[in-house]
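Participant: I'd like to ask some things about the structure below.
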Amino acid sequence: MEITTIEPFLHYYEGIRERTRRVIRCIPPDHFDWAPAPGKFSFADLIRHLAATERWMFAENVHGWPSRYPGHGPELADGPEAVLTYFERLHAEAMAVFRELTPEGLAGRCKTPAGTEITAWKWLRAMVEHEVHHRGQIYLMLGQLGVETPPLYGLTAEEVQARSEG
């Protein structure tokens, strides 16, 4: 699906972000720095990574500007409250940058950090895939800790199966 104007995409993307927020709210505050193994992303790392890539990579690249991704370490925001504030602040900044995109800008080309040229609207779709990928990691990590999580679209797999025919 081609994105020709920015506002319908941003409305869609806010729904994506709200589902991510819902699962982030399930992270116990005393587990923000928990990682499934040494050298792997912690919950806090994942949240900082989502925030930083949205603002300093996707929002920059889609305008034809180079990535300014600062990483995902605790020097950016440390502690649950600071990490969540960072996540929301960078999202608001990115949304303001995205709102500047014109139909011509969306149809234009941009360069990814890998040096690949891509249509700007396709780069925005990649941003959604990136977020969904990391949201899945958060769900999996919460499952490893035995933390209850909300169903993504209102029903669990078992509820869907029970309501299905055949």
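The values are calculated or read from the model by the stated rules, or taken from the named source; none is laboratory data. Bear in mind the structure is a predicted one, so any value in this text is a computation, not a measurement. Here Cβ is always computed from backbone atoms with ideal geometry, including for glycine, and neighbour counts include all displayed protein chains. Keep in mind that these areas ignore ligands, DNA and RNA; they rest on the heavy atoms of the full protein, side chains included. Shrake-Rupley method; radii C 1.70, N 1.55, O 1.52, S 1.80 Å.
Participant: Could you tell me the convex hull volume per residue, in Å³, taken over the Cα atoms of the range 20-117? Don't skip to the answer; put the middle values down first.
Facilitator: Working: hull volume 10.7 nm³, N = 98.
Value for the range 20-117: 109 Å³ per residue.
Participant: Which log10 I(q)/I(0) values, to two decimals, does the chain give at q = 0.09, 0.16, 0.20 Å⁻¹ under the Debye formula with one point per Cα?
Facilitator: Evaluating at q = 0.09, 0.16, 0.20 Å⁻¹ gives log10 I(q)/I(0) of -0.34, -0.95, -1.27.
Participant: If you roll a 1.4 Å probe over the heavy atoms of the protein chains, what accessible area per residue do you get for the chain, in Å²?
Facilitator: Numbers: 8980 Å² over 166 residues.
Ligands and nucleic acids excluded, the figure is 54 Å² per residue.
Participant: Give the carbon-plus-sulfur fraction of the accessible surface of the chain in %, rounded to a whole number; probe 1.4 Å, heavy atoms of protein chains only.
Facilitator: Numbers: 5010 of 8980 Å².
In the chain, the share of accessible area belonging to carbon and sulfur is 56 percent.
Participant: Can I ask one more? Label points 7 Å out from Cα along the Cβ direction at GLU158 and ASP33: separation in nm?
Facilitator: 3.5 nm
Participant: Where does each of LYS111, LYS122 land when they are ordered by accessible area, with a 1.4 Å probe and the largest first? Spell out each step's value before the answer.
Facilitator: Numbers: LYS111 110, LYS122 85 Å².
I get LYS111, LYS122, largest accessible area first.
Participant: Could you work out the relative contact order of the range 2-69, using alpha carbon pairs under 8 angstrom and six or more residues apart, expressed as a whole percent? Please list the in-between numbers first.
Facilitator: Working: 30 pairs, mean separation 10.0, N = 68.
Relative contact order for the range 2-69 comes out at 15 percent.
Participant: Within 11 Å, Cβ to Cβ, of THR20, how many net charges do the neighbouring residues add up to if Lys/Arg are +1 and Asp/Glu are -1? Don't skip to the end; give the middle numbers.
Facilitator: Working: positive: ARG17, ARG19, ARG21, ARG22, ARG25, ARG135; negative: GLU14, GLU18, GLU54, GLU131.
Local charge sum for THR20: +2.
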